1. If one takes the accessible area of chain A alone plus chain B alone and subtracts that of the pair, with a 1.4 Å probe, what total in Å², rounded to the nearest 100, results?
2. Take each complete run of DSSP H in chain A, measure how far its Cα atoms stretch along the helix's own axis, and keep only those covering 27 Å or more with mean Kyte-Doolittle hydropathy at least -1.0; list them.
3. Let me test this: with uniform point scatterers at the alpha carbons of the range A:3-104, what is the Debye-based log₁₀ I(q)/I(0) at q = 0.24, 0.25 1/Å?
4. Using Cα pairs closer than 8 Å and at least 6 residues apart in sequence, work out the relative contact order for chain B, in percent.
5. Please label the shape of the range B:1-58 as rounded, prolate or oblate, based on the square roots a ≥ b ≥ c of the eigenvalues of the alpha-carbon gyration tensor (a/c under 1.5 means rounded; beyond that, a/b larger than b/c means prolate, else oblate).
6. With n ≥ 4 as the cut-off for DSSP H runs, can you work out [θ] at 222 nm for chain A, using -39500 (n - 2.57) per run divided by the number of residues, rounded to the nearest 500?
7. In whole Å, how far is the Cα centre of the range A:1-48 from that of the range B:40-59?
8. Compute the Cα gyration tensor for the protein assembly as shown, then decide on rounded, prolate or oblate, letting a ≥ b ≥ c be the square roots of its eigenvalues: rounded whenever a/c is under 1.5, prolate when a/b is larger than b/c in the other cases, and oblate in all that remain.
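The values are calculated or read from the model by the stated rules, or taken from the named source; none is laboratory data. Predicted model, so just to flag it, every value in this text is computed and none were measured. These area figures cover heavy atoms from the full protein model, side chains too; ligands, DNA and RNA do not enter into them. Shrake-Rupley method; radii C 1.70, N 1.55, O 1.52, S 1.80 Å.
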There are 2 protein chains.
Amino acid sequence: MNMLDHTFNALADPTRRAILARLAQGEATVGELAKPFAISQPAISRHLKVLEKASLISNERQGKHRRCRLRPEALDSAATWLEFHRRFWTGSLDRLDAHLKSEKKPR
Amino acid sequence: MNMLDHTFNALADPTRRAILARLAQGEATVGELAKPFAISQPAISRHLKVLEKASLISNERQGKHRRCRLRPEALDSAATWLEFHRRFWTGSLDRLDAHLKSEKKPR
DNA sequence: AAGTTATATAACATATCCGTTAAATGAATA
DNA sequence: TATTCATTTAACGGATATGTTATATAACTT
């Protein structure tokens, strides 16, 4: 698994995206993150592990709590990949489109 | 599963990203797409199904072949999500940073 | 030291993923 | 019509994902 795999995989789950959205409002402990969800706390802990492995979050022990925060740089490679391909694909299709149009004219 | 789930999930696999990269060079049949990979052709067919479900590609029967092409719009929602969060996260952290700095000054 | 709180880990069930090979389908060709 | 080619679908197996509950750990509190 490379970095993009981990990032896209982590982002493919709505619970994990919701956790990220929550963290975008500010740091939170595991318990605070788990509270709004209908699933158990261990399940959240494992989602956090996935986000951690993707470097999307980090955490730091604070007494008996563990405080989580975003690592925004982790989005960079995914955003770069997406932007590049989005432009490249569209560019290719534009050229194809132009090509097809220029083919049609002569007839 | 919503659209982002499908998109991110589809992009999380390196074989599928390679297929997309290949299609960015131009349309191709299933067989042409399968050839460079070490895995069986039915396996490729199923990757193509995943990409199709994510609306990342479409295909059209042409005689006994099936020709695949990219659907670049499918990247839009994912790119939008990523860009938004990337900026938002960074913005939040900048504000946090500024906040922490402004807290320190008075002392 | 004992109890409480926050979180992680273990053990388990179920579902999905991803690959395989074999058989089915659909269309072109002999 | 029978054969061949391109692709899909079926049936299977093993690995991974995601949830559960029960138990362990780690740090505060009494």
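1. Details: alone 7750 and 7760 Å², together 12690 Å².
The contact between B and A buries close to 2800 Å².
2. Working: long enough: A:74-104 (46 Å, -0.63).
Counting only whole DSSP H runs, the qualifying helices are A:74-104.
3. At q = 0.24, 0.25 Å⁻¹ the computed log10 ratios are -1.24, -1.31.
4. Numbers: 79 pairs, mean separation 28.7, N = 107.
RCO, chain B: 27 percent.
5. Numbers: a/c = 1.94, a/b = 1.60, b/c = 1.21.
Prolate, because a/c is 1.5 or more and a/b exceeds b/c.
6. Values: 5 runs with 69 residues, N = 107.
Calculated from helices alone, the mean residue ellipticity at 222 nm is -20500 deg cm²/dmol.
7. Value for the Cα centre distance between the two parts: 28 Å.
8. On the way: a/c = 3.26, a/b = 1.96, b/c = 1.66.
Note, shape of the protein assembly as shown comes out prolate.
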